[in-house]
Amino acid sequence: MATTGLGPVLVTGATGFTGGHLVRRLRQLGHHVRALVRPGSDVQTLRSQGVEIVQGDLTRPDDVASAAEGVGKIFHIAAVFRTAGHPDSYYYDVNVGGTENVLEAARRHGVERVIHCSTIGVHGDVSQVPSTEESPYNPGDIYQRTKLAGEQVAREAFAKGLPGTIVRPSSIYGPGDLRMLKLFRTVHSRRFRMFGSGDVFFHMVYIDDLVDGMLLCAEKPEALGQVFILAGPRYLTLEEMVTIVANAVGVPPPRGRLPLWPLMMAAVACEAVCRPLRVEPPLYRRRADFFRKNRAFSSEKARLVLGYEPRVDPRDGILQTARWYFENGFLGNLARRAS
């Protein structure tokens, strides 16, 4: 995919899954990439790719301003995800305050465009299937609430003339992602149990498709000032997704259903005990929400305005992800997987 006119770019969150794939693609296309990383981060891979490393903290305005000097565009990917070890204030500091710092740095240095990465989680449990960019907000936890607040800060800045675009990815997966690993492991070990009906929808986007969409947002004039949902070619029911995962890891699809309410009660109890102690709970409400909340979205706006065409079907993407897990020792011996 061509990315004319990008020039030097700054990527926040470059040590993460999405940022790392984006950086790799930008370097393959020949662009100079600068990464703002926290002190102590593992930057060996980035350095081996020829990425310029700037150490700093997203919550420190001077650090962000220094990193943004001289770049043409900024991909703001960094965020604090859901972890029990952080107080709510930390989510606001990073997901809202960090975004404000990126936008101010872009204004100060006359950056050509900011691509701000939000999340479809701002819509929460959707009532409209598929939901669009105009569907109601319904954030369900501190991560989603602060991502929504950060997105609104960006929208206000773009409405006042700062050039930029907001992307809302659906659930991101692919080789290198570890957030989906628990699902693959429990299915592979035949310990997975379906709670509830299994009929709720789940929508993923393969990492390569997401990067394609982000690059279109960085390039297309029509993208300026807009919000785009970037999702995969189709959404699945949970039952269908788990069946595809089972086929990919070479085990029979799980059978049977368990009631959802005991799981939700256990999740609430685990959070109540673990959160004050800043201990990662073995079960929390968001994990239980996986079984009860609808997540189905339309990328029609991105298709019409940007020419976005996600190419990786969930069956192919899940198979590639499973292969990576096997090859890297996360699911045992690759030779044991049924073809």
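The table below gives the values:
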quantity	calculated
Dipole magnitude (debye, nearest 20) for the chain, charges at Cβ of Lys, Arg, Asp, Glu	1080
Under the Karplus curve 6.51 cos²θ - 1.76 cosθ + 1.60, θ = phi - 60°, whole-Hz ³J(HN,Hα) for the range 193-210, x wherever Gly or Pro sits	10, 8, 9, x, 6, x, 9, 6, 9, 9, 10, 10, 9, 5, 4, 5, 5, 4
Listed residue (V187, A296, A223) projecting farthest to the positive dipole end of the chain, Cβ model	V187
Rough spin-label spacing in nm, given labels placed 7 Å along Cα→Cβ, for E156 and R234	4.2
Sorted by Cβ neighbour density within 10 Å, fewest at the top, the residues S66, S135, S118, S48	S48, S66, S135, S118
Per-pair calculated FRET efficiency, R0 = 51 Å: E222 and L277 via Cβ, rounded to 0.05	0.55
Given K73/K160; K73/K182; K220/K293; K182/K293, the pairs whose alpha carbons are separated by over 28 Å	K73/K182; K220/K293
Amide H contacts of F297 (H built 1.01 Å from N, under 5 Å, at least 5 apart or other chain)	S131
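No lab work stands behind these numbers, since they all come straight from the coordinates. Keep in mind that what you see is a predicted model, and the values were worked out from it rather than measured. Ideal geometry is used to build each Cβ from the backbone, glycine not excepted, and the neighbour counts take in all protein chains shown.
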